[in-house]
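Single-structure report; data block below.
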Amino acid sequence: MRLTSTASPRAPSTLQLVLFSSLCSVLAPLNSTMIAVALPSIRDDFALGRGTVSWLVSAYLIAMAVAQPVAGRLGDQLGRGRVVRAGLLAFTVTSVAAVAAPNFEVLIVLRVAQATFGAGLIPNAMALLRERAGAGELGRLNGYNGAAIAAAAGLGPLLGAAALGLASWRIIFLATVPVALGALALMPGLRLSSSGSSGNARPDWYGTLHYAVLLTVLTALLAQLRSVTGSLAHLAGWIVFAVLLGAFVWRQRRARTPVAAWRLFRHASFAAASIQILLTNLAMYTTLLMVPFLVSDVLDEPAGVSGLLLGLMALFMGLAAPVGGRVSDRHGRRPAAQLGGAIVVAASTLLVAVLHLGVTTPQLAGLLMVLGAGVGIGTGAATTAAVESAPRAMAGEAAGTSSMMRYVGSIVGAGVLAATLNTRSGAHPNASTFVSLQIVVATMAAGALLAASFLHRMPEEELEGIVLAATAAGDD
């Protein structure tokens, strides 16, 4: 059959492409979640406070959010091969250097460097899938990529705990080095382009720095929201944030090369996909960070239970992502995104109810698995829709901007959690605190479901390719 003969030679190339994309994409989530279990050890080694050591996570998320759209644009302009190779090499060097960090300040700088160089990998890997995928298979390939990311996020705490058991927190940074080297080894066979296709405009470095400051101020304000509510200093902080935001918007409207591809938000489907990605990740990340506190303070279970619950959540995200990709290829991005969004809303709402009545560990496990499945189905479809909404020449910039929204959601989610749990008294939160928090999560999930209603169903080019493939199969 003609269809079989044309598909067979492509299979190894597609497999290699997905493997390479997945290796590039897992570095950031793996490096992000591995360090979570090591924070108490790092705090003790450097004699830090709880709030200070948490900036290892916050600074990493901020750098990822800021650098991804810039890295995506550089890939479009300079060529994916050049940007990805430089990112992998620099990520490896900074990871090795972090092992020998002499103090906390140097460790923070190296973490920011890791995030900055790692940020160049995700949007360019996503753009590569857009460039190389055949008609009717981009959703499936993005699904496999999403499954790898979810698996990495779930494995991170386990690898971090294993590293702590073997030696110290320092060797955690070496765990990602084999992944980066594996991606480098695959690069020659992919023949990535080292020349760009969309101009050579210089990035807005001042705007990028301004954006980083803006997110840093927002993170600090959210973390202190509840404990200092009503203080003049906190009010002044929000005024400063508003001024910085206004100045940022004013400059971005006039910049020749803004920090992110803001003009893509004029496309209804891209805007809807980005909003869904932001709100879904906000809901997921808030829940993910909430679980250890809920397990410890309400269920009175050991820390290992938290790891198991979060691992189950990540597992179901990974299992559902390829399913969501296939659904979106066959039935369209909008139905798949709506299905995933509806599942997240249902799980979040039920979690509010069981928290109010008195949740048990098995109930929590079941709802987290359902929520993870919904995130896996919906986010993959939304990510595919966002990348498809831009011209192929802007695929990296579009992927970087939509992925930036994912990390902004994580930053706000972490801030919402900190604002809810951080009180003047320092007392442990009770069940009602987590009910209030989960109501916020369910509301954000409902907003993500609403945004999914404005996604395109299928891009015209893909519809045409599917029709041609079906016609060829009928002729055979």
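Values quoted throughout were computed directly from the atomic coordinates according to the rules given, and no laboratory measurement underlies them. From a predicted model like this one, the values you see are computed outputs, not experimental measurements. A quick note on method: Cβ atoms are made from the backbone with ideal geometry, for glycine too, and the neighbour counts reach across all protein chains shown.
Computed quantities for the displayed model
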{"quantity": "Label assignment, Cα extents along the principal axes in Å derived from the structure, set (i) 65, 56, 46; (ii) 88, 49, 45; (iii) 72, 50, 48", "calculated": "(iii)"}
{"quantity": "Gained length - ALA97 relative to ALA185, 0.36 nm times residue gap less alpha-carbon distance", "calculated": "29.5 nm"}
{"quantity": "Normalised alpha carbon radius of gyration of segment 204-256 [divisor 2.2 N^0.38 Å]", "calculated": "1.27"}
{"quantity": "0 to 90° range, to nearest 10: angle between helix 395-421 axis and the chain longest Cα axis", "calculated": "20 degrees"}
{"quantity": "Cα long-axis angle, helix 232-254 against the chain (0 to 90 degrees, to the nearest 10)", "calculated": "20 degrees"}
{"quantity": "Estimated vicinal HN-Hα couplings, Hz - segment 365-380 in sequence order (Karplus 6.51, -1.76, 1.60; Gly, Pro = x)", "calculated": "4, x, 5, 5, 5, 5, 4, x, 4, x, 4, x, 6, x, 5, x"}
{"quantity": "Given charges at beta-carbon only (K, R positive; D, E negative), |dipole| of the chain in Debye", "calculated": "980 debye"}
{"quantity": "With Cα atoms, 0 to 90° folded angle of helix 205-223 axis to the chain main axis", "calculated": "40 degrees"}
{"quantity": "Ranking of GLU105, GLU301 by count of other Cβ atoms within 10 Å, fewest first", "calculated": "GLU105, GLU301"}
{"quantity": "Percent RCO, i.e. relative contact order, over the chain, from Cα pairs under 8 Å lying at least 6 residues apart", "calculated": "26 percent"}
{"quantity": "Residue-span extension gain [GLN16 to ASP44] - 0.36 nm each, minus C-alpha spacing", "calculated": "5.8 nm"}
{"quantity": "Estimated vicinal HN-Hα couplings, Hz - segment 269-283 in sequence order (Karplus 6.51, -1.76, 1.60; Gly, Pro = x)", "calculated": "5, 5, 4, 5, 4, 5, 5, 4, 4, 4, 5, 5, 5, 4, 5"}
{"quantity": "Sequence ranges 382-393, 354-365, ranked by mean other-Cβ count within 10 angstrom, highest first", "calculated": "382-393, 354-365"}
{"quantity": "Label-point gap, in nm, between ARG392 and PHE241 - each point 7 angstrom along Cα→Cβ", "calculated": "4.3 nm"}
{"quantity": "Calculated [θ] (222 nm, deg cm²/dmol) that DSSP helices of n ≥ 4 give over the chain, each run adding -39,500 (n - 2.57)", "calculated": "-27000 deg cm²/dmol"}
{"quantity": "Leading residue at positive end of dipole, segment 26-122 (Cβ point charges), from ALA86, ALA65, THR33", "calculated": "ALA86"}
{"quantity": "Listed peptides 259-268, 63-72 by packing density, highest first (mean Cβ within 10 Å)", "calculated": "63-72, 259-268"}
{"quantity": "Residue among VAL259, ALA448, LEU339 farthest towards the positive dipole end of the chain, charges placed on Cβ", "calculated": "VAL259"}
